[in-house]
Amino acid sequence: MRCYACTKPSFQIICSDCRERLFAPQIHTRKIGTLDVISFYPYAAIASLLHTKHKPEGYRIYKRLAGMTMKPFIKEFSESLESDVYIVGVDEYVGSGYSHTALLAHAMRTQKTKVMHGKLLAKNRVSYSGKDLQFRLNHPRDFRYTGKSGIDVILVDDTVTTGITLQEAQNVLLQHGVNVLFALTLADAKE
Ligand SMILES: [Zn+2]
């Protein structure tokens with residue numbers, strides 16, 4: 001096959017050259033209310049990769065991105081953990097053959113981090129693309145949480161834009177006695 005980014009022959013969807021040069025992660029933390037949102041790229045740096053989400057190659061590209069970012073991050077983080085932490089993908093809804101948030105969450109499984117799939121689902125999936133903050137506030141995701149209570153959780157999503165969705169998720173979890181340690185996203189789309 002060929003590297004999706006540079007089109008050179010490669011055994012992987014993003015070749016090792018591109019992983020090191022074009023897509024080297026730059027860890028960044030943004031505070032949204034009381035929530036720390038840790039991301040690995042500015043949105044523009046990986047926009048072409050994120051746009052494959054609903055295409056056939058999206059599955060392999062998202063898997064590779066998770067392997068370059070969230071997987072090593074959580075492996076290192078989990079080494080200092082004394083008790084279990086749960087990974088919760090934001091709205092693991094299967095849109096185009098797979099759930100990209102479930103895929104990202106799955107990549108974060110370690111001995112100390114347990115993945116709880118499909119426990120935080122949105123009732124409202126109206127598109128926020130190109131919509132302003134007011135629209136997003138007027139059309140909340142309306143999450144339903146069906147996981148355990150009294151636990152520590154790390155939230156996972158592909159992109160943070162205004163942070164409204166992650167804050168809403170955090171609030172719903174809080175109402176269920178769940179402590180959100182922080183959120184991890186691939187990209188930060190803050191303008
Ligand atoms: Zn390449």
Among L35, L173, L81, residue whose mean-square fluctuation peaks in a GNM of the chain (springs only between Cα atoms under 10 Å): L81
nm² value of the averaged projected area, convex hull over the Cα atoms of the range 16-188: 9.8
Of S83, S149, S129, the one that fluctuates the most in a GNM where the chain has Cα springs shorter than 10 Å: S129
Mean separation of Cα contacts under 8 Å, 6 or more apart, over the residue count of the chain: relative contact order %: 23
Computed helical MRE - 222 nm, the chain, DSSP H runs ≥ 4 contributing -39500 (n - 2.57), nearest 500: -8500 deg cm²/dmol
14 Å beta-carbon shell around Q111, net charge (K/R +1, D/E -1): +1
Degrees separating the helix 58-68 axis from the principal Cα axis of the chain, which is the longest one: 80
Local electrostatic count at Y98 - Lys and Arg +1, Asp and Glu -1, tallied over other residues with Cβ under 11 Å: +2
Net lengthening on full extension, N171/H54 (0.36 nm per residue, minus Cα-Cα): 39.3 nm
Extent along principal axes [Cα atoms of the range 64-108; Å; largest to smallest]: 36, 21, 10
Residue among K112, K53, K31 with the largest mean-square fluctuation in a Gaussian network model of the chain, springs linking Cα atoms under 10 Å: K31
Space enclosed by the convex hull of the alpha-carbon atoms of the range 119-167, per residue, Å³: 88
Charge sum, other residues only, whose C-beta stays under 13 Å from H51's C-beta, Lys/Arg counted +1 and Asp/Glu -1: 0
C-alpha long axis of helix 164-175 to longest principal axis of the chain, angle in °: 40
Which of H51, H106, H176 has the fewest Cβ neighbours within 10 Å, and the rest in rising order: H51, H176, H106
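Rule-based calculations on the coordinates, nothing more; no lab input. Source: prediction; values computed, not measured. Cβ atoms come from the backbone with ideal geometry, glycine included; neighbour counts cover every protein chain shown.
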